[in-house]
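Undergrad: Following this message is one structure expressed as structure tokens.
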Amino acid sequence: MQSKQRKISINYPPLQISGDLEVVGSVPDMQVYQADKKEYTPDYTLTPLTLFPRCNATDPNALSKVGAVNASLVNMKWYERLNGTRTLITSVNPNYVITETGAQKGQIQVKKNVSTISPLTLEFYAEYVDEKRTGQTHIFQFSRLIRAIDGTEAVPVLMLDSPSGLDWNPCRDIANQVITAQLMVGDEDVTATGKCKFFWFRVLEDGTLEQIIDGNGDNDWEFVSLNKHVLTINRDMIDTGMTYICKASYSADGTPANAPDDTVIQVSTTIRRKIPALEIDWKGVPTQVSDGTKVINPRPIIRDTLGDIPNPSELFNCKWYTKTGAGNYTLAATGYTPSIPFTDGMMLKLEVEDRGPFVAVVTEDGSYVVSENNEFIIVRQNG
């Protein structure tokens, strides 16, 4: 008698990694030094610069969206490179504070000012081990140049009150977001003085910029209003994410150009739709029912870490599946008040699906559907 043995295992595709080194908050990564006053704007010793290395990893075969893996990073290091010398930043260095654990792991605060003649480069290194799948180690490396410019002749600095990366939670956050720009020249706020003009853009999927003017374009369903330095958007019209860029022109004599000034560094904010981890259950159906039961009427329970989701039917679809014995699950009902035929010993399963953002209704030839008042018809992406 002959026999043969062979081990058969899953061939996992490698994870796809991505990320960026983001400025957290409104403190920019460039300083203006005014020699006549011996002052920095901003002064990092008073208001530190905060950088976050957003490290993402995703399974290319999974349906889940990209998620941050910062909490699971290992062998994490920060270095400062100054005048050609690379130095490891340790916990005894009073000029930096590094977050060592949790979802913000890797975040660094810079608490020292930068010389106008010696720019500072911060370099981040960390590893992520795919322990559950392949055991493969993935490396994240980012760098950021921090510089100070001579502002004795004051240089305009543009800022937004929205961080460079913002996750919005449609379950809890209000849909409308007001994004406000501010232009500082030295220690003077010139935003509303008539010495500057602001220009807003959205970044399209191909990386090109589309200027936001009046909300009549094909890509600006989320547009609510624009008033010079204040842009208001409806985040519930944004799918996976949208990046907005603000530029400006400035003139000390009050005649700013009608086009962005390249000497004013542009700023951006990326808004991402992100629903937190959910807990789902149902009520109204005990594990044992009385003899003669023909129909059961479960009611879904959808929670996050703060409790029950308000108005869940606005955000989620409920799909109810049943099976008996070793068969496959089949769709039995949908919605929040289903009536499901009962069979003794059957299994019940609930799936909760994100209905997604609002989108415009289009016909088969790609034309937009409008109402009798010539307004666009919008619906949830997933019904």
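The values are calculated or read from the model by the stated rules, or taken from the named source; none is laboratory data. None of the values given here were measured: they were computed from a predicted structure. Here the Cβ is made from the backbone with ideal geometry for all residues, glycine too, and neighbour counts use every protein chain on show. What goes into the accessible areas is simple: the full protein's heavy atoms, side chains included, and nothing from ligands, DNA or RNA. Shrake-Rupley method; radii C 1.70, N 1.55, O 1.52, S 1.80 Å.
Undergrad: What pairs from K105/K319; K112/K274; K112/K228; K294/K319; K111/K132 go past 31 Å between their alpha carbons? Each step should come with its number before you reach the end.
TA: Values: K105/K319 37 Å; K112/K274 34 Å; K112/K228 34 Å; K294/K319 20 Å; K111/K132 38 Å.
Too far apart for the 31 Å limit: K105/K319; K112/K274; K112/K228; K111/K132.
Undergrad: Quick one: which of 355-362, 182-189, 231-238 comes out on top by average Cβ neighbours within 10 Å, and what's the full order, highest first? Provide the component values of the computation, followed by the final result.
TA: On the way: 355-362: 15.8, 182-189: 17.4, 231-238: 20.0.
Ranked by mean Cβ neighbours within 10 Å, highest first: 231-238, 182-189, 355-362.
Undergrad: Be a star and scan the stretch 342-360 for residues whose amide nitrogen sits under 15 Å from the point 7 Å along the Cα-to-Cβ vector of D281.
TA: Correct set: 350.
Undergrad: Let me ask another. Residues with beta-carbon under 10 Å from that of W168, excluding W168: net charge, scoring Lys, Arg +1 and Asp, Glu -1? Please report the intermediate quantities before stating the final value.
TA: Numbers: positive: R172, R235, R272, R273, K274; negative: D167, D173, D236.
Local net charge: +2.
Undergrad: Taking only the C-alpha atoms, wrap a convex hull around the stretch 162-232 and report its volume per residue in Å³ as a whole number. Intermediate values should be presented prior to the final figure.
TA: Numbers: hull volume 9.4 nm³, N = 71.
Given the Cα convex hull of the stretch 162-232, per-residue volume reads 133 Å³.
Undergrad: How much accessible area per residue does the chain have, in Å², with a 1.4 Å probe? Spell out each step's value before the answer.
TA: On the way: 22030 Å² over 383 residues.
Per residue, the chain has an accessible area of 58 Å².
Undergrad: While we're looking at this one, here's another question. Please sort 324-335, 241-252, 117-128, 93-104 by packing, taking for each peptide the average over its residues of neighbouring beta carbons within 10 angstrom, highest first. Don't jump to the answer; show the numbers that get you there.
TA: Numbers: 324-335: 11.1, 241-252: 19.8, 117-128: 17.7, 93-104: 13.4.
The peptides rank, most packed first, as 241-252, 117-128, 93-104, 324-335.
Undergrad: Next question. When the expected Rg is taken as 2.2 N^0.38 Å, what fraction or multiple of it is the alpha-carbon Rg of the chain?
TA: Working: Rg = 26.9 Å, N = 383, 2.2 N^0.38 = 21.1 Å.
So the Cα radius of gyration is 1.27 times the expected 2.2 N^0.38 Å.
Undergrad: Something else: Starting from the Cα of K197, draw a straight line to each of the aspartates and glutamates and keep only those under 18 Å, dropping any in the same chain fewer than 8 residues away.
TA: Qualifying aspartates and glutamates at Cα under 18 Å: D161, E188, D189, E210, D214, D253, D261, D262.
Undergrad: Sticking with this one: So how far apart, in nm, are the two label points at I117 and L82 if each is 7 Å from Cα heading toward Cβ?
TA: So the label points at I117 and L82 sit 1.5 nm apart.
Undergrad: Same structure, new question: Using the Karplus curve 6.51 cos²θ - 1.76 cosθ + 1.60 with θ = phi - 60°, work out ³J(HN,Hα) for each residue of the stretch 249-254 in order, rounded to whole Hz, and write x for Gly and Pro.
TA: Those phi angles translate into 10, 9, 9, 5, 8, x Hz.
Undergrad: For the stretch 273-283, in order, what is each residue's ³J(HN,Hα) by Karplus, 6.51 cos²θ - 1.76 cosθ + 1.60 with θ = phi - 60°, in whole Hz (x at glycine and Pro)?
TA: 7, 8, 8, x, 4, 10, 10, 10, 7, 9, 10
Undergrad: At K38 and N93, where each label point lies 7 Å from the Cα along Cα→Cβ, what is the point-to-point distance in nanometres?
TA: Label-label distance for K38 and N93, simple model: 2.7 nm.
Undergrad: Over the stretch 120-219, what is the relative contact order in whole percent, taking alpha-carbon pairs under 8 Å and six or more residues apart? Don't jump to the answer; show the numbers that get you there.
TA: Details: 98 pairs, mean separation 16.6, N = 100.
Relative contact order for the stretch 120-219 comes out at 17 percent.
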